[in-house]
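The values are calculated or read from the model by the stated rules, or taken from the named source; none is laboratory data. All of these numbers come straight from a predicted model, not from anything done at the bench. All Cβ positions, even for glycine, are placed from backbone atoms using ideal geometry, and neighbour counts span all protein chains on display.
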Amino acid sequence: MSSAFIALDWGTSSFRAYLLNRDGTVQETVTAPDGILAVKDGNFDAVLEGHIGKWDMKLPIMASGMITSRQGWVELPYVACPAGLRSIAAAVHLHTSKLGRKIYFVPGISTRGRDGAPDVIRGEETQVFGATEGGSEHFVTPGTHSKWITVKDGMITGFSSYMTGEVFALLKTHSILGKLMTGDMASPSAFERGVRAGLKDPAGLLHNIFSTRTLALFNEMPADHLSSYLSGQVIGTEIAHAIAENAVGAQYRILATPSLGEHYMTAMKTAGLTVSYGAPDVAVIGLQRIAVAAGLLP
C-alpha cells in the first residue's frame, strides 16, 4: 500500500516523524532528541531533511507540537476553547519548506483558568483528538508541564497546566532539598507517602516539602528514598488541585506510555480515581483525523 502522509510530532525536547499508509498504518518511525530548543539558528529545514530526507517529497506533512510556538518554526495563534476538530482544521497553516515540502502546521489551544489567567497547550490537543471516543472524558498528559484536559462531545472545553515535572527537577537539582539525596533508587512506599501528603494538604506544599530535608536529618527516611518522596508530594499536590472541580466518579485516561505515566497511574489510584492508559500513538491518530477534517486526506 502506498504512503499517504507524514505525521510530525515536534516538541520542546524531542522529534518524532511517522510515515503512514492510507489506512493510517505506520510504515516507518524516526525519533530523535532534536526538539525545537536543540535546533541551531532556527534551521528547521535542515533538521527535518536530516531525519526524513529519504521519504517522498510529495507527501503532505501534518505537524503539531511546540514547533508552532514562538520558539518554533512558524508561530501560530491559539484556537480558543471550546475547540473541536473542525475549528482546529480550519486554522491549519500551510508552509512550504525550502525544498518544496508542503507542511500543514496545527495550532495549539487556549483557555482561561479559574483565576481568569490564560492557559495554553500545543501538541496535547492532537493527542486528545486521537484518543477521544465521544461523550464526557478526562485526559492527563504527564510531562515537564502536565495537562489535565476535559472533553465533552468531541470538543475540548477546558484544561489546566501544571509545572510539576519542571518544579521537581528544580527542587531536586537547585534547592537545599536535594543536598541530602543520594542515588536514584525508586521507593514505592516513600512515593506513596509523599502522594498522600500532597493530597491531604495541597495548599501547604511550600511548608510540607521541607520535610524532604528534615526526615533525612532525623534519620526517619533513607537518603535514597528522598527523591521518590518529593516526587510524590508534588504530583499529589497537582492531583488534588486538578480534581477539585471535576465530577464525582469521573474516569481519567493517561496519554503516555506506562514507562512515562507509571507515577501518575500510581498516584491517581492512591487518590481513589478511576484511571487507565490511552492507546499508543494517539498523536498520529489525531493528526490523521485533523487532516481528514481539513480535507487533506480522503
In the set 276, 211, 160, 231, which member is closer than 23 Å to residue 136 by Cα, surrounded by 15 or more Cβ atoms within 10 Å (Cβ to Cβ) and of a type in the set (Gly, Ala, Ser)? 160
Within the range 61-82, the count of residues that are part of a strand (DSSP E or B) and either hydroxyl-bearing (Ser, Thr, Tyr) or buried (at least 23 other Cβ atoms within 10 Å of the Cβ) (or both) comes to 3
Which of the residues that make up the range 123-139 are farther than 26 Å from residue 76 by Cβ and either of a type in the set (A, V, I, L, M) or assigned to a loop (DSSP other than H, G, I, E, B) (or both)? 133, 134, 135
Kindly list the number of the only condition in (1) touching a strand residue (DSSP E or B) at 6+ places or on another chain (Cβ under 6 Å); (2) part of a helix (DSSP H, G or I) that fails for residue 34. (2)
Given (1) small (Gly, Ala, Ser); (2) without any contact (Cβ under 8 Å) to a residue 24 or more places away in the chain; (3) under 21 Å from residue 236 (Cα atoms), identify the lone condition not met by residue 160. (2)
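Table: residues versus (1) touching a residue at least 60 places away in the same chain (Cβ under 8 Å); (2) exposed (fewer than 15 other Cβ atoms within 10 Å of the Cβ).
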| site | (1), (2) |
| --- | --- |
| 5 | yes, no |
| 9 | yes, no |
| 31 | no, yes |
| 34 | no, no |
| 39 | no, no |
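Here is a yes/no grid of residues against (1) at negative phi; (2) at pLDDT 95 or above:
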| position | (1), (2) |
| --- | --- |
| 219 | no, yes |
| 234 | yes, yes |
| 247 | yes, no |
| 254 | yes, yes |
| 259 | yes, no |
| 292 | yes, no |
Looking at the range 157-168, can you tell me whether even one residue there is farther than 24 Å from residue 13 by Cβ and in a helix (DSSP H, G or I)? no
